[in-house]
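Have a look at the structure below, then the notes.
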Amino acid sequence: MTHDHDLVLRPTAAQTEAALNPPPGRIGGDLVVESLAALGATTVFGLPGQHALGVFDALRRSDLRYIGLRVENNAGFAADAYGRVTGEAAPLLLSTGPGALTSLAALQEARAASAPVLAICSQVPTAGLGGGRHGHLHELPDQAASFRGVVKSVHTARTQSQIPSAIAEAWTSALTVPHGPVWVEIPQDVLLAETSIPVVSGGDTFPEELPPRPELTAVAADLLTRAERPAIVAGGGVVRADAAKKLRQLAELIQAPVVTTYGGKGAFPWTHPLSLQSWLEDRHTTDFLEDADVLLVVGSGLGELSSNYHTFAPRGRVIQIEADLGKLESNHPALGIHADARLALQALLETVGERTDPAAPDRVRQVLDRVGARIAAQDLTLEQDVLAAVRKALPSRAPSFWDMTILAYWAWSAFDAKAPNTMHSAQGAGGLGYAFPAALGAAAADPTHPVLAVSGDGGALYSVAELATARQYGLDVTWLIVDDGGYGILREYMTDAFGQPTATDLPGPDFVALAESFGVPGVRTSPETLEADLAKALAAPGPSVVVLPAVLRMFAPTHTE
């Protein structure tokens, strides 16, 4: 009898010939790009640096498409978005020391959002490794130590023969749920030395699935079947697992109202009769979820933003489905099910009993009416009109990327994403500068839809250099910059807390003129003309900038009441 693990793939005659006679002039860097191509990569992001030149020279001999950004952190954001949009591991090529460290904030966001980024970085020459102070350019005592607390896993290749396996292991780690960024580093001399190793051709990897334990889903199904007031919180894990259809089937089967977290935008239809939308920073929503006798939380750790700043205190039974073991029951006691959202929801669909609850849509409408009345009492017409204009101008299937700015905070709660995996923001780690470089990564991943980036003027200054990238590669991204002359949300926070702001005003550039200096069309708009100007920019091929001078305000919080 033949077992699967006994099967050995025998090389063809052509493969044998190629292995015995590899092309001349190859170096260690070729093993890197050949390994990526063998694993299925088609696009890589990054910046060259002195120690990494062996990899970039090898790119010249490969079919991989290279998107070069101007700042390493922005390259990381672009790779993050590519990974989110495609579900594939996005290679990020970096150089030793300062270049590597500049990517840390982007890798933190990728880890928080479970985006599969494969960071490959050079190291000082092999003789300089080990923690001594040899005086090499860019030298760190232990470069990988700076990343171990940020990325999902760290891999090293100290010889050329280790390169294909190290990259394959990292690739598998990045794509094993929960997805996340991984780190590979290779010394400069290993990348530059000539190699006689055959061209890398075998690259199949098999990320492990994470099915639920059946005894746990049996208990969960029983609880949901017998519940009187079930409710569902749908997080980013639903989107990443491509489980939105299964979530809808389950919600309709048990007549459970659904609220989506900010990371789970689009996981449930916005206008569905059971949709509580995303008003998580509202006490009316919090009260409704607390009143559920069985609360199913799928793909969320119920962190700060998803719990109304930790004021949420469930009174009923909580069932939590989460692929990240560290998030399981990290904030609330629950029936914890460590599993991929898609597989767990499928198991529930196969075992849960149908519920009838004709009053559920009425309860949902009552909550949304209360939320709407609270917002209407705050004189926030400008903010709502601006957000509505963005939604009307943006095609329904076009992805959008949002920086940490007041309009994005409104969008988290009030924006209809229309479809799963089309709205992304930096709310995982909360760093500035995410939107525009991430949108460039998404445009590189899928050129069939225009992409929208939304930033404030403060966040825009973090990534304005990437206008050169957008122009160089002709990436179809429209960048909406809401210019309020400072860090608007911090200005609000400081005024509320201390009576006046400090260090939040930013005399900035003329963003329209700045865009045009890069060869990117720019237009200054107003709230009244925003919809038309934004729609026109999105319809035109290539990059563009739309600047909206406006001071927006946030709706009043409820977690301080």
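The values are calculated or read from the model by the stated rules, or taken from the named source; none is laboratory data. This structure is a prediction, so every number in the text was calculated from the model and none was measured. Please note: Cβ atoms are built from the backbone with ideal geometry, for glycine as well, and neighbour counts cover all protein chains shown. With ligands, DNA and RNA removed, areas are computed over all heavy atoms of the protein, side chains included. Shrake-Rupley method; radii C 1.70, N 1.55, O 1.52, S 1.80 Å.
Close amide H pairs (under 5 Å, H built 1.01 Å from N) link residue 483 with 548, 550, residues at least 5 positions away or on another chain.
Our analysis of the stretch 94-144 gives Rg over Rh at 1.05, with the two radii drawn from alpha carbon positions and Rh computed by the Kirkwood formula. Treating the angle as unsigned and between 0 and 90°, give the value, to the nearest 10°, between the Cα long axis of helix 72-86 and the longest Cα principal axis of the chain. So the inclination is approximately 70 degrees.
Computed 3J(HN,Hα) for the stretch 457-466, one whole-Hz value per residue from the Karplus formula 6.51 cos²θ - 1.76 cosθ + 1.60 where θ = phi - 60°, is 5, x, x, 4, 5, 5, 10, 5, 4, 6, glycine and proline marked x. The share of accessible area on the stretch 179-275 that comes from carbon and sulfur is 51 percent, using a 1.4 angstrom probe.
Here residue 288 sits with roughly 40 square angstrom of accessible surface, probe radius 1.4 Å.
Working ranking of peptides 501-511, 401-411 by packing, defined as the average number of other Cβ atoms within 10 Å per residue, highest first, is 401-411, 501-511. In whole Å, what is the distance between the alpha-carbon centres of the stretch 332-370 and the stretch 90-133? The stretch 332-370 and the stretch 90-133 have Cα centres spaced 40 Å from each other. Near the amide H of residue 92, within less than 5 Å, lie the amide hydrogens of 45, 118, 119, 120, all on another chain or at least 5 residues away, with H placed in the peptide plane. Each Lys or Arg adds one and each Asp or Glu subtracts one; over the other residues with Cβ under 12 Å from the Cβ of residue 435, this totals -4.
The alpha-carbon positions of the stretch 153-298 define a convex hull whose volume is 157 Å³ per residue.
When the accessible area of the stretch 436-561 is computed with all protein chains present and a 1.4 Å probe, what percentage of it is carbon and sulfur? Carbon and sulfur: 58 percent of the exposed surface of the stretch 436-561.
Listed by chain and number, the lysines whose C-alpha is less than 19 Å from the C-alpha of residue 418, apart from same-chain residues fewer than 8 away, are 245, 246, 265, 392. With every protein chain in place and a 1.4 angstrom probe, the accessible-area ranking of 71, 294, largest first, reads 71, 294.
Counting only heavy atoms of the protein chains and using a 1.4 Å probe, residue 194 has close to 150 Å² of accessible surface.
Contact order for the chain, expressed relative to its length and based on alpha carbon pairs under 8 Å spaced 6+ residues apart, stands at 13 percent. Peptides 369-378, 276-285, ordered by how many other C-beta atoms sit within 10 Å of their residues on average, highest first, read 276-285, 369-378.
Close amide H partners of residue 318, meaning residues 5 or more places away or on another chain with modelled amide H under 5 Å apart, are 295, 335. Rolling a 1.4 Å probe across the protein heavy atoms gives the chain an accessible surface of 41 Å² per residue.
Each of the peptides 58-65, 424-431, 383-390 was scored by the mean count of other Cβ atoms within 10 Å over its residues; in descending order, highest first, they stand as 424-431, 383-390, 58-65. Only beta bridges with both residues in the chain are counted; by DSSP, about 5 percent of them are antiparallel. Considering helices alone, the calculated mean residue ellipticity of the chain at 222 nm is -11500 deg cm²/dmol, with DSSP H runs of length four and up weighted by -39500 (n - 2.57) and normalised per residue. What separates the Cα centres of the stretch 409-478 and the stretch 201-271 is a distance of 27 Å. The mean of 1/r over all pairs of different alpha-carbon atoms in the stretch 291-367, once inverted, gives a Kirkwood hydrodynamic radius of 13.8 Å. Apolar share of the accessible surface for the stretch 35-147: 53 percent from carbon plus sulfur atoms, 1.4 Å probe.
Evaluating 6.51 cos²θ - 1.76 cosθ + 1.60 at θ = phi - 60° for every residue in the stretch 413-426, the Karplus couplings come out as 8, 10, 9, 7, 6, 6, 7, x, 6, 10, 10, 9, 8, 9 Hz, glycine and proline recorded as x.
For a straight C-alpha distance cut-off of 19 angstrom, the lysines reachable from residue 152 (same-chain residues fewer than eight places away being disregarded) are 327. Each Cα pair under 8 Å and six or more residues apart adds its separation to the average, and for the stretch 419-517 the resulting relative contact order is 23 percent.
The stretch 488-561 and the stretch 294-326 have Cα centres separated by 33 Å.
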